[in-house]
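Quick notes on the structure that follows.
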Amino acid sequence: MSDNAQPQLLHLVIGGELTDLEHNTFKNLDEVEIVGVYPNYATAYAAWKAKAQATVDNAQVRYFVVHLHRLLDPEQDTKHSH
């Protein structure tokens, strides 16, 4: 990576129907929707927002932004804070 290149901060947007509103447990894992993988939080947030607004009439459906970059490189956050 060149000195000027920004690190790739991958984010995943997923969603589906939950078993109840108290827990983040999907009712049926076979029906979990993988919306996509995005290069940064801003584009992931835009995708999340669009899906969340499109399903606003179904209270049991939730979408989430997963910070993949934190899973791929757990020490990444500490590297940038020093």
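What follows is calculated from the coordinates using simple rules that are stated; it is not laboratory data. Everything quoted here is computed from the prediction, not taken from an experiment.
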message: Between Val32, Val66, Val56, where does the largest GNM mean-square fluctuation fall for the chain, given springs only between Cα atoms within less than 10 Å?
response: Val56
query: So what's the angle, to the nearest 10 degrees on a 0 to 90 scale, between helix 41-54 and the longest Cα principal axis of the chain?
result: 10 degrees
- line: Calculating volume of the Cα convex hull per residue in Å³ from this structure picks out, from [x] 118; [y] 93; [z] 79, entry [x]
